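In what follows, a structure is listed as structure tokens, so that the remarks can point back to it.
The values are calculated or read from the model by the stated rules, or taken from the named source; none is laboratory data. Computed from a predicted model, the values in this text were never measured in an experiment. Cβ sites come from the backbone with ideal geometry, for glycine too, and all protein chains shown count toward neighbours.
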Amino acid sequence: MRTSPTRFRRWWRAFAFAGLLLGSAVVASAQEAPRARALAFVSSEPSLVNAGSRHFKAYAAAGSPAAADLAGIVAAREAALGRLERFFRVRYGGVVTLVFFSNEEAKFRATGVRGFGWAGDGVMLEVYNASTKVDPFHELTHIVAGQLGHPPALFDEGAAMWCAQHFGGDALGLFGVPAGTTLDGLVRRNIDEGRYMPLAEVFRLSEIGSARSRAPVSYPEAGSFVGFLVARGGPAKLRRAFAGLKSSDDPRVIAMNEKTFTRIYRMDISDAERAWRRAIGRPLPAQGPRHG
Ligand SMILES: [Zn+2]
């Protein structure tokens, strides 16, 4: 479906906004305080309704939209976890504490975390109401795939975005993007309208979400690229990438990551970028000087 320029600008702003807020929680060092506050909130509010399953303990305020759906939400999360465990071939042995809030303000008051979603070390915080529902796969992908290792954001966020689309069907709903927009489609649109981050740059990011990371551009690129990698090398190579690549800002680690990537996929990043761009129907311009 085509959107008018005005409508596009509107959802583009929403995308940028949501992307920055979601991403603000990605930095690992920032995880402990919200996690502790969330757990303290849960134990200090006996009025919260809860529902449990093998891997989830979910909480919501009595009478809230999530409270009404809590058993169904937990069952759906359990099914999502199972699918991700099979895809990544790992078992998650922990129990995720899942706390739902009716709006961003309530979430911020209780935990100090802004935005629609947050996840860190077995705790997930989500806004849940008629218009906002965090997709069940994105954060869960971080938790399950995190059992394999912590690769750079291109793979970590890319896998979360792609799994949300592949398993859940809607990777981008929360970002205010028109329904039915795919990761590849959003990258094509970005390229057509002059927004693109070269893959070598995305590869070097240790997080996606900050202004530096240009999240509205790098998020969909990462998701689309991981989709390309799965199509090319299957889940097994993606698992090897998770285990072998390390998220870091250290140039030496980044150089090691580039070598490891080339060994796994038998192509370097620039070859991979060219192949991916061809695959999504937006080939890179031919290299070298032009004559004539
Ligand atoms: Zn993420």
Q: Assess whether residue 189 counts as being away from the ligand (no atom under 15 Å from the Cβ), in contact with a helix residue (DSSP H, G or I) (Cβ under 9 Å, 6 or more places away or on another chain) and not assigned by TED's automatic domain parsing to the domain that holds residue 90.
A: yes
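If you check residue 233 against the conditions, is it on the phi < 0 side of the Ramachandran plot, without any contact (Cβ under 8 Å) to a residue 40 or more places away in the chain, assigned to a helix (DSSP H, G or I) and more than 13 Å from the ligand (Cβ to nearest atom)? Walk me through it before giving the result.
Working: on the phi < 0 side of the Ramachandran plot: yes; without any contact (Cβ under 8 Å) to a residue 40 or more places away in the chain: yes; assigned to a helix (DSSP H, G or I): yes; more than 13 Å from the ligand (Cβ to nearest atom): yes.
Yes; evaluated as a whole, the condition is true for this residue.
If you check residue 144 against the conditions, is it assigned to a helix (DSSP H, G or I), away from the ligand (no atom under 15 Å from the Cβ), in contact (Cβ under 8 Å) with a residue 60 or more places away in the chain and under 24 Å from residue 233 (Cβ atoms)? Walk me through how you get there before you give the answer.
On the way: assigned to a helix (DSSP H, G or I): yes; away from the ligand (no atom under 15 Å from the Cβ): no; in contact (Cβ under 8 Å) with a residue 60 or more places away in the chain: yes; under 24 Å from residue 233 (Cβ atoms): yes.
In short, no.
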Q: Answer with yes or no whether residue 258 is closer than 19 Å to residue 150 by Cα and acidic (Asp, Glu).
A: yes
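Determine which member of the set 263, 240, 212 is under 18 Å from residue 150 (Cβ atoms) and basic (Lys, Arg). Let's see the steps before the verdict.
On the way: 263 fails: under 18 Å from residue 150 (Cβ atoms); 212 fails: under 18 Å from residue 150 (Cβ atoms).
Checking each option against the conditions leaves just 240.
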Q) If residue 162 passes every condition in (1) within 10 Å of the ligand (Cβ to nearest atom); (2) within 23 Å of residue 264 (Cα to Cα); (3) of a type outside the set (Lys, Arg); (4) crowded, with 22+ Cβ neighbours inside 10 Å but one, which one does it miss? A) (1)
Q. Under the condition of being more than 11 Å from the ligand (Cβ to nearest atom), of a type outside the set (D, E, K, R) and outside any strand (DSSP E or B), which residue from segment 116-141 is nearest to the chain's Cα centre (by Cα)?
A. 136
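Mind telling me which of the residues 113, 95, 99 ends up being out of contact with any Pro (no Cβ under 6 Å at 6 or more places or on another chain) and either within 16 Å of the ligand (Cβ to nearest atom) or under 30 Å from residue 237 (Cα atoms) (or both)? Steps first, answer last, please.
Working: 113 fails: out of contact with any Pro (no Cβ under 6 Å at 6 or more places or on another chain); 99 fails: either within 16 Å of the ligand (Cβ to nearest atom) or under 30 Å from residue 237 (Cα atoms) (or both).
Testing whether each residue is out of contact with any Pro (no Cβ under 6 Å at 6 or more places or on another chain) and either within 16 Å of the ligand (Cβ to nearest atom) or under 30 Å from residue 237 (Cα atoms) (or both) leaves just 95.
Return the total of residues in segment 32-73 being assigned to a strand (DSSP E or B), among the hydrophobic types (A, V, I, L, M, F, W, C) and crowded, with 19+ Cβ neighbours inside 10 Å.
Narrowing segment 32-73 to residues assigned to a strand (DSSP E or B): 49-52, 56-60.
Still in the running and among the hydrophobic types (A, V, I, L, M, F, W, C): 49, 51, 56, 58, 60.
Then keep just the ones that are crowded, with 19+ Cβ neighbours inside 10 Å; that gives 51, 56, 58, 60.
Selection size over segment 32-73: 4.
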